[in-house]
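The values are calculated or read from the model by the stated rules, or taken from the named source; none is laboratory data. The structure presented is a predicted model; accordingly, all values stated were derived computationally and were not measured. Note: ideal-geometry Cβ built from the backbone for every residue, glycine included; neighbour counts use all protein chains shown. Just so you know, the surface numbers come from the protein's heavy atoms only, side chains and all, with ligands and any DNA or RNA stripped out. Shrake-Rupley method; radii C 1.70, N 1.55, O 1.52, S 1.80 Å.
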Amino acid sequence: MTYVLYGRPRWGSAIVEAQLAWYGLPFKLEFVGDLLREPESRAKLEKVNPLAQIPTLVMPDGTVMSESAAITLLLADITGDDSLVPGPKAKERTRFLRWLVFLVANVYPTFTYGDIPGRFVPVEEAQAPFLTAVEAYRAKLWKQVEGDAKGPWFLGERFSAIDIFIAVMTIWQPKRPWFEVETPKLFAISRRCEEQARLRNFWAGQQQ
């Protein structure tokens, strides 16, 4: 009854890897090469997920799941554990759902646009200003997230999967030093998340 997670350290799959570790679910990490620069890695993953995106999670029954928000909700349902996803009657449920989708529908796509701008702006001379605009828009989005962070965790007193999303995504551009200055509440959440005992081995693995 083992889950198979296609991914690589510090990429989007880390968000799901952390949750599998948190719940204590048995899983195998199927290492994926650099999908942005290695066509052979994309071709390998396309056999499982035609979009060649990570995270891609193969369930114990062989069902393929993708989309980090969907996987987040599904794992909470499977385990019956509300420690990462507030239950239907929890007062934090509305804010949790709003910001979970905000992160994956608004912030996450800025990396899709920015990682390989040539997919969206084929004229090379236009790619630099396009990337500058994407980075500025991402910064604006992060400051909006910062404005709704309660502390000590994003939802307030309770830890949730939102904190894991934030901790992993702040590793990416513009990286932790920017967050420390521009969004100190998100930076503090990220550092606090790294201190969670149930995630200690997970974070150690991300340093490789």
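So is residue 51 over 27 Å from residue 178 (Cβ atoms), touching a helix residue (DSSP H, G or I) at 6+ places or on another chain (Cβ under 9 Å), part of a loop (DSSP other than H, G, I, E, B) and modelled with pLDDT under 95 or not?
Details: over 27 Å from residue 178 (Cβ atoms): yes; touching a helix residue (DSSP H, G or I) at 6+ places or on another chain (Cβ under 9 Å): yes; part of a loop (DSSP other than H, G, I, E, B): yes; modelled with pLDDT under 95: yes.
The answer is yes for residue 51.
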Flag if residue 75 is open to solvent by less than 60 Å² (accessible area, probe 1.4 Å) and part of a strand (DSSP E or B): no
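Inspect the stretch 174-194 for any residue being within 20 Å of residue 115 (Cβ to Cβ) and part of a loop (DSSP other than H, G, I, E, B) and give the result as yes or no. Let's see the steps before the verdict.
Start the filter on the stretch 174-194 by keeping residues that are within 20 Å of residue 115 (Cβ to Cβ), which leaves 174-176, 178-179.
Subsequent filtering for residues that are part of a loop (DSSP other than H, G, I, E, B) retains 174-175.
Yes, that holds for at least one residue.
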Residue that is nearest to the chain's Cα centre (by Cα), among those in the stretch 1-35 that are within 11 Å of residue 53 (Cα to Cα) and small (Gly, Ala, Ser): 12
Any chance residue 83 is within 18 Å of the chain's Cα centre (by Cα), modelled with pLDDT of 95 or more and open to solvent by 20 Å² or more (accessible area, probe 1.4 Å): yes
Counted residues, the stretch 30-58 - those being touching a residue at least 12 places away in the same chain (Cβ under 8 Å) and either of a type in the set (Gly, Ala, Ser) or farther than 24 Å from residue 10 by Cβ (or both): 2
Enumeration of residues in the stretch 106-140 that are in contact (Cβ under 8 Å) with a residue 12 or more places away in the chain and over 20 Å from the mean Cα position of the chain (by Cα): 117, 130, 131
